[in-house]
Amino acid sequence: FIGPKASVTSSAGSFTMNSMSDANITISQVGVGGGLGLSFIYLGDTNHTWSYLDTGSMVNAKGDVTVKAVGQEDITSVAALVNGSSGISASGNVYVVNTDTKAYVGHSGDTVATQVTAGDGVDVAAQDDSNLTLIGGTAGSGSSGALGVDVVTKNTNAYIGDAAVIQAQTSIGGD
């Protein structure tokens with residue numbers, strides 16, 4: 001981020017601020033039991049990815065000004081159980097994923113201006129992609145079951161704050 005009251009000038013080119021997080025998690029658990037067997041995986045993941053120009057900062061660029069935040073979660077888990085007797089077998093996967101991905105210029109509700117001047121365009125963008133794969137299985141001669149649960153909460157925002165002053169020669173956009 002660019003802090004409050006900071007001033008950045010790019011007299012020869014563009015200004016780009018990219019923040020990226022990339023979580024790649026693979027978990028596997030395989031069990032062999034006799035009688036009563038359980039294979040269970042729980043994963044809790046919280047991910048914050050922010051890219052921003054703080055209140056009162058100034059950015060001047062001859063070219064484009066880009067503020068972008070990208071969050072990516074690739075999570076795979078395998079929970080399996082083989083029960084060699086006539087007992088009870090169970091396997092399960094539970095994911096709780098919380099992401100907060102933000103790209104912004106100034107804050108909502110600001111009274112102090114954040115200023116951006118671009119010789120070309122201004123782009124403020126935020127993106128969050130998640131790929132979750134849950135694999136559960138059981139095998140045995142008795143009773144068996146498998147369960148997969150994912151709880152995903154995403155907060156993805158790109159915005160220009162209330163008091164921001166943006167000047168661009170071509171375009172002002174956001175995703």
(message) So if I restrict to the alpha-carbon atoms in the stretch 39-94, what is the Rg, and what is Dmax, the biggest pairwise distance, in Å?
(response) 23.3, 74
(request) Please get the size of the charge dipole for the chain, origin at its Cα centre, with Cβ charges of +1 on Lys and Arg and -1 on Asp and Glu, quoted in debye to the nearest 20. (result) 200
(request) Return the distance in nm (one decimal) between the two label points of a simple spin-label model at Val8 and Thr133, each offset 7 Å from Cα along Cα→Cβ. (result) 3.7
(message) Translational diffusion coefficient of the chain at 25 °C, 0.890 mPa s, Stokes-Einstein with Kirkwood Rh over Cα pairs, in µm²/s as a whole number.
(response) 131
(request) Divide the volume of the convex hull of the Cα atoms of the stretch 111-175 by its number of residues and quote the answer in cubic angstrom per residue. (result) 100
(message) Could you report the accessible area of Ile172 in Å², rounded to 10, computed with a 1.4 Å probe on the protein chains as they sit in the structure?
(response) 90
(message) At 1.4 Å probe size, what's the solvent-accessible area of Thr138? Round to the nearest 10 Å².
(response) 40
(message) Probe radius 1.4 Å, ligands and nucleic acids ignored: give me the carbon and sulfur share of the accessible area of the chain as a rounded percent.
(response) 51
(message) Probe radius 1.4 Å, ligands and nucleic acids left out: which of Phe15, Phe40, Phe1 has the largest accessible area, and how do the rest follow?
(response) Phe1, Phe40, Phe15
(request) With only Lys, Arg, Asp and Glu charged, each at its Cβ (+1 for the first two, -1 for the last two), find how big the charge dipole of the stretch 39-116 is about the Cα centre; round to the nearest 20 debye. (result) 80
(message) Between the stretch 55-86 and the stretch 109-133, what is the separation of their alpha carbon centroids in Å?
(response) 17
(message) Rounded to the nearest 10 Å², what accessible area does Met20 have for a 1.4 Å probe in the complete protein model?
(response) 140
(message) Apply the Karplus curve 6.51 cos²θ - 1.76 cosθ + 1.60, θ = phi - 60°, to the phi angles in the stretch 145-150 and return the couplings in whole Hz, x for Gly and Pro.
(response) x, 9, 9, x, 9, 10
(request) Would you mind counting up the charge near Gly56? Only other residues with Cβ under 9 Å from its Cβ, with Lys and Arg at +1 and Asp and Glu at -1. (result) -1
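Report the rotationally averaged projected area of the stretch 1-72 based on its alpha-carbon convex hull, in square nanometres. Walk me through the intermediate numbers first.
On the way: hull surface 27.1 nm².
Here the figure is 6.8 nm², rounded to one decimal.
Roll a 1.4 Å probe over the protein chains and send me the accessible area per residue for the chain in Å². Walk me through the intermediate numbers first.
Working: 8630 Å² over 175 residues.
Computed with neighbouring chains in place, this is 49 Å² per residue.
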(request) Towards the positive end of the charge dipole of the stretch 72-175, with charges on Cβ (+1 Lys, Arg; -1 Asp, Glu), say which of Tyr159, Gly145, Leu134 has the farthest Cα. (result) Gly145
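The values are calculated or read from the model by the stated rules, or taken from the named source; none is laboratory data. Worth saying up front: this structure is predicted, and the values here are computed from it rather than measured. Note that each Cβ is placed from the backbone with ideal geometry, even for glycine, and that neighbours are counted across all protein chains shown. Surface areas here come from the heavy atoms of the whole protein model, side chains and all, with no ligands, DNA or RNA. Shrake-Rupley method; radii C 1.70, N 1.55, O 1.52, S 1.80 Å.
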